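I have placed the structure first, in the form of structure tokens, so that the comments after it can refer back to it.
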Amino acid sequence: MKFKALAICTGLLGASLSLSSLSVLAQTGATASTPAAQQRPVISPEEALQKFSFFVTSVGLGKGADLGGLAGADAHCQTLAKAAGAGNKTWRAYLSTQAAGGKPAINARDRIGKGPWYNVKGALIANDVGHLHGDTLAQAQLGSNLTRNQALTEKGERVLGAGDTPNQHDILTGSKTNGTAFTDAADHTCKNYTSTAADGSAQVGHFDRTGGGNASWNSAHPSRGCSQENLVATGGAGLFYCFVAN
């Protein structure tokens, strides 16, 4: 009887362990025949390059917020993208301009195509313009993937952010949180990216979603001046976002 009871207990214990194993496998998304690592999709360098449609500039132009206007900023995006092997795509700087000299304002969100956009590693940044900016409640709750770990340069490197030395998380945008241009009389674009004046200002976002009161990637606070030194002093380097305008 003792042996029979032992056999029954052993069988129950084995069944319990089997059920526990199945529970763990269900939670990890793995199966008995397929390791968890094999569940994750693997993207080849060629596929990643084909999808590549967003980056933070690895370097600025060295003249603070004077980018040579939108044309100069777009050219910089194109040059960096070409060096990364993606010069066959049309790149645009994510920058808004203000109405001036009889010319209307331009919204950054209207310059970058429709999406989706992916970083140089092939990771999704946003499905479309609405997803990028959180236009609807559902899109805002979903949130884009423009975060510290995914907002990479064209070289696939992370930009220095809050807690790093130096902190370079200020990204030039000249935009409001919804990606549109400012309409008041104040300077929010360092004279549409043509000025290095100490008394000017350009709106910046924080790619790492840290600080600025609203942790916004595109509209955290204004810069204190337009020169390279001014931007560096408040946590920037004259960097900006580039998107493929498909």
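Given the conditions (1) modelled with pLDDT of 95 or more; (2) over 19 Å from ILE125 (Cα atoms); (3) in contact with a strand residue (DSSP E or B) (Cβ under 6 Å, 6 or more places away or on another chain), which single one is not true for GLY212?
(1)
Among residues belonging to region 90-112 that are surrounded by 14 or more Cβ atoms within 10 Å (Cβ to Cβ) and of a type in the set (D, E, K, R), point out the one that is nearest to GLY156 (Cα to Cα).
Ranking the qualifying residues of region 90-112, first place goes to ARG92.
Go through region 202-218 residue by residue and tally those that are assigned to a loop (DSSP other than H, G, I, E, B) and farther than 12 Å from HIS169 by Cα.
Final tally of qualifying residues: 2.
Can you name the residue in region 149-172 that is in a strand (DSSP E or B) and in contact (Cβ under 8 Å) with a residue 40 or more places away in the chain and is also surrounded by the most Cβ atoms within 10 Å (Cβ to Cβ) among such residues?
Among those that are in a strand (DSSP E or B) and in contact (Cβ under 8 Å) with a residue 40 or more places away in the chain, it is LEU172.
Do any residues in region 190-213 that are free of Cβ contacts under 8 Å to residues at least 12 places away in the same chain have Cβ atoms under 6 Å from those of residues that are crowded, with 19+ Cβ neighbours inside 10 Å, where the two are at least six apart or on different chains, and which pairs are they?
GLY212/HIS206; GLY212/ALA220
In this structure, does VAL204 turn out to be crowded, with 21+ Cβ neighbours inside 10 Å and touching a His at 6+ places or on another chain (Cβ under 8 Å)?
Taking the combined requirement at face value, the residue satisfies it.
Any idea which of (1) aliphatic (A, V, I, L, M); (2) in a loop (DSSP other than H, G, I, E, B); (3) within 15 Å of SER96 (Cα to Cα); (4) in contact with a strand residue (DSSP E or B) (Cβ under 8 Å, 6 or more places away or on another chain) is the one ALA186 doesn't satisfy?
Result: ALA186 passes all but (4).
Conditions first: (1) among the β-branched types (Val, Ile, Thr); (2) buried (at least 19 other Cβ atoms within 10 Å of the Cβ); (3) under 24 Å from LEU61 (Cα atoms). ILE125 passes all but one, so which condition is the exception?
Among (1) among the β-branched types (Val, Ile, Thr); (2) buried (at least 19 other Cβ atoms within 10 Å of the Cβ); (3) under 24 Å from LEU61 (Cα atoms), the lone unmet condition for ILE125 is (3).
Filter region 196-246 down to the residues that are hydrophobic (A, V, I, L, M, F, W, C) and farther than 29 Å from TYR118 by Cβ and list them by number. First the steps, then the outcome.
Pass one, region 196-246, residues hydrophobic (A, V, I, L, M, F, W, C): 197-198, 202, 204, 207, 215, 217, 220, 226, 231-233, 237, 239-240, 242-245.
Hits for region 196-246 are ALA197, ALA198, CYS226, VAL232, ALA233.
Every residue, every condition in (1) farther than 22 Å from GLY235 by Cα; (2) of a type in the set (D, E, K, R); (3) outside the structural domain of LYS191 (by TED's automatic domain parsing); (4) touching a Phe, Trp or Tyr at 6+ places or on another chain (Cβ under 9 Å), yes or no:
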position: THR57; (1), (2), (3), (4): no, no, no, yes
position: LEU67; (1), (2), (3), (4): no, no, no, yes
position: ALA71; (1), (2), (3), (4): yes, no, no, no
position: ALA83; (1), (2), (3), (4): yes, no, no, no
position: ALA93; (1), (2), (3), (4): no, no, no, yes
position: LYS103; (1), (2), (3), (4): yes, yes, no, no
position: ASN107; (1), (2), (3), (4): yes, no, no, no
position: GLY113; (1), (2), (3), (4): yes, no, no, yes
position: ILE125; (1), (2), (3), (4): yes, no, no, yes
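The values are calculated or read from the model by the stated rules, or taken from the named source; none is laboratory data. From a predicted model like this one, the values you see are computed outputs, not experimental measurements. When we count neighbours, we look across all protein chains shown, and the Cβ atoms used for this are built from the backbone with ideal geometry, even at glycine.
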